[in-house]
Structure formats: structure tokens, C-alpha cells
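Only the coordinates and a few stated rules stand behind these numbers; no lab work does. What you see is a predicted model; the values in this text were computed from it and never measured. Backbone-built Cβ (ideal geometry, glycine too); neighbour counts: all protein chains shown.
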Amino acid sequence: MERTYVMVKPDGVQRGLVGEVIGRIERRGLKIVALRMNTISQEQAKKHYAEHVQKPFFKSLIDFITSGPSVSMVVEGKNAVAVMRSINGATNPVNAATGSIRADFALDTGRNVVHASDSPESAAREIGIHFRDAEISGYSRIDETWVYE
């Protein structure tokens, strides 16, 4: 099974969409193995978005992501990275597939409700920024035989 990092960003928390996001993840058949609500520190945010450090929007991105509480998750399942990105939809909500979180709840790239890792390598790096190994629970869900062949 693959793991990925998912975040309900401060705009999603403020709009009361945490339960909606979690529900979509679980209904799809993915499993949440770690979950936390907190306000991300500047240091964590800069590590998380390090690939954007030279981009003109970096400062505003860091200011936004640290502006209030967010919900961080480690999500597990077969092809979890690709499945989670499909659930979220395209980064620009205008281009997001109908039925995705961003298509249903966002209008602007800068306030697009959710984040998910874009590769297994990014997932490992991002999980390491936000969670210690001891905070991730390994367990089997009773419905896994009905989700996977």
C-alpha cells in the first residue's frame, strides 16, 4: 500500500469542509492512518513548499498556509498518490474535474481547499515534515477485502 500526505488548508477549515474532505477520502476506500489539526509553523511551511522558494507567490503562500489551523493527514491505499490527486482535482479549480473537491468548493488557485502530494517521493518528504513515525497507525480496515482484489 502507498501513503500520501493530504492537507485541508486554512480556507477549507474556516469554511467547515474538513468532514466533507475526510468523507470523500474514506468513501473512495482510502484509509486515514494519521490525522492532526494545528497551525503550521513558518519553518514547516517553508520546508513543505521549498520547491516554490524562488517563485513570486512564495511569501503569500507561506503567509496563507500559516494563517490559521489546517488539518494534516497521512492517507493510505493502493495508488494513494494518484487517487488522492484525482479526488482533489486540478490545482486551478477552473480546470478541476466535475465532482472533485476543488471543482465543488473552490474558485481560485490560491484558495483551493486541499493539498495532496504529487508523487510518492514528495509524499515521503511531506509526511516526514508533518508527522513522526510513531504518530502513524498501521491497521487493517474491515472493508479492505471489499475494496481490493
Response to the item:
In debye to the nearest 20, the charge dipole size for segment 2-135, taken about the Cα centre with +1 at each Lys and Arg Cβ and -1 at each Asp and Glu Cβ, equals 100 debye
Worksheet item: Which net charge results for the neighbourhood of Phe58, defined as the other residues with beta-carbon distances under 15 angstrom from its beta-carbon, given Lys and Arg at +1 and Asp and Glu at -1?
Response: +1
Worksheet, complete the sentence: Helix 120-130: inclination vs the chain longest Cα principal axis, degrees, rounded to 10, gives 70 degrees
Response to the item:
Residue span Thr145 to Asp104: 0.36 nm per residue of separation minus Cα-Cα distance leaves a gain in nm of 11.7 nm
Fill in: All lysines inside 19 Å of Lys31 as judged from Cα atoms, apart from same-chain residues fewer than 8 positions distant
Lys78
Item to complete: Just need log10 I(q)/I(0) for the chain at q = 0.10, 0.15, 0.21 Å⁻¹, Debye formula, equal scatterers on the alpha-carbon atoms, no solvent, rounded to two decimals.
Response: -0.32, -0.74, -1.49
Fill in: Under-5 Å amide H pairs with Leu35, H placed in peptide plane, nonlocal only
Val74
Worksheet, complete the sentence: Contact order relative to length for the chain, counting C-alpha pairs under 8 Å separated by 6 or more residues, stands in percent at 35 percent
Worksheet, complete the sentence: Helix 18-28: inclination vs the chain longest Cα principal axis, degrees, rounded to 10, gives 40 degrees
